[in-house]
Structure formats: structure tokens, C-alpha cells
Amino acid sequence: MLLSLNTGVNTMFRVVLTALAVLFAVSACTTPPSDPNQRKVFRIRAGDVSEIQFRHLDTVNAFRQARGLNALQLSAELNAAAKTHALDISRQNRPWHFGSDGSNPIQRVQRTGYAGAMLSENLSESFENDMETLEAWMRDPVTRAGILHPNAQNIGFSWHQESNGKIWWVQVIGS
């Protein structure tokens, strides 16, 4: 009865439960093997791009909605900036915010023609899937602050997967 009296709490509760359900569902798909020395490799197929990007967008928006923030829109320009940087940091073999040409995140976003401002860039070098990566970003105060930036309007999310299964994830948030 208490939840029915406060629809804001009820809605927020449902949003958080939905986000958690998505995280658990994806985690269940990548159950570690019985041998702890063998890690199941999360393989991304070419046809998975839209599914992964929209799952990421939906989960980020669930976290944002639970905090009373606006939903983000997927941006082709920010996706391009994220993809370019994921390939570049893979070639450099280090997850950092500088391109091999000396570029920074702001410059890379401007090169795509994105009209807004770049607010945040989150990176990960891992064998983890997209939801495990987002979960790790949400646990870190700095990366979480970028995802939950109150002025954010758009998001780009992309990756590069190496033949050994390692994935270089890049998320870009813009206003």
C-alpha cells in the first residue's frame, strides 16, 4: 500500500528493477566455465552492433531516469568518435584518452561534426561484456558522474574486439 501512495518511488523502483534485470540477464548469458582458469570469451558478431548499442542506451537511461535525469539519445557522430578511438587504443595497446595522433576526446568529437559539447569519455580494456563494463563504470564515482551528467543529451558507444577476445570499450557523452 505504501508504494501505491507514492508513484514517484514506485516508478523509480520499477526502473531500477528493470536495469538490474537487464544486467542479470546478460550476465547469465556469459556464465563462467567450471574451470576457474578458463574464462568464457564474450564474442561480438557484426550483427550484434545495434542490439548492444541499444541495450547500453536503455540501461544508461534506466539509471538516469531513476535519478530524475533526462533520457539520452544515441548519436551517430558520438558513435563514430567512440569507434575511431576504440580502434586506436587497441592499436596503441593502452586504454587512455589520447589518440595516436595526439588528439584528445574533445578534438575527436569535433572531427565527427557533432554540434554539442563533449562531456565525458569512458574507456575499458577487458574481456567483459557490455553490461559488466557498464556495471563497473557505474561503481566508479568518476565514470558514474559522466554517465549521470545533468547536461547530457547524447551518447555514443562502440568497441573494438581483438581476435583473442579482448574488447576495447569506449563511451562518449555529449550535451
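Just so you know, all these numbers are worked out from the coordinates, no wet-lab data involved. All values reported here derive from a predicted model rather than from experimental measurement. Reconstructed Cβ throughout: ideal geometry from the backbone, glycine too, with neighbour counts over all protein chains shown.
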> How much length, in nm to one decimal, is gained on full extension between His97 and Val49, taken as 0.36 nm per residue of separation minus their Cα-Cα distance?
Replying inline: 15.0 nm
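Place a +1 charge on the Cβ of each Lys and Arg in the stretch 65-138 and a -1 charge on the Cβ of each Asp and Glu, then give the dipole magnitude about the Cα centre in debye, rounded to the nearest 20.
In debye, rounded to 20, the stretch 65-138 gives about 280.
For the stretch 53-133, what does the alpha-carbon gyration tensor say about shape, rounded, prolate or oblate, given a ≥ b ≥ c as the root eigenvalues, a/c under 1.5 as rounded, and a/b over b/c as prolate?
oblate
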> Based on the mean of other beta carbon atoms within 10 Å per residue, what is the order of 120-131, 60-71, 135-146, most packed first?
Replying inline: 120-131, 60-71, 135-146
> What is the packing order of peptides 89-101, 73-85, taking the mean over residues of other C-beta atoms within 10 Å and listing the highest first?
Replying inline: 73-85, 89-101
> Points 7 angstrom from Cα along the Cβ direction at Ala145 and Gln107: gap in nanometres?
Replying inline: 2.5 nm
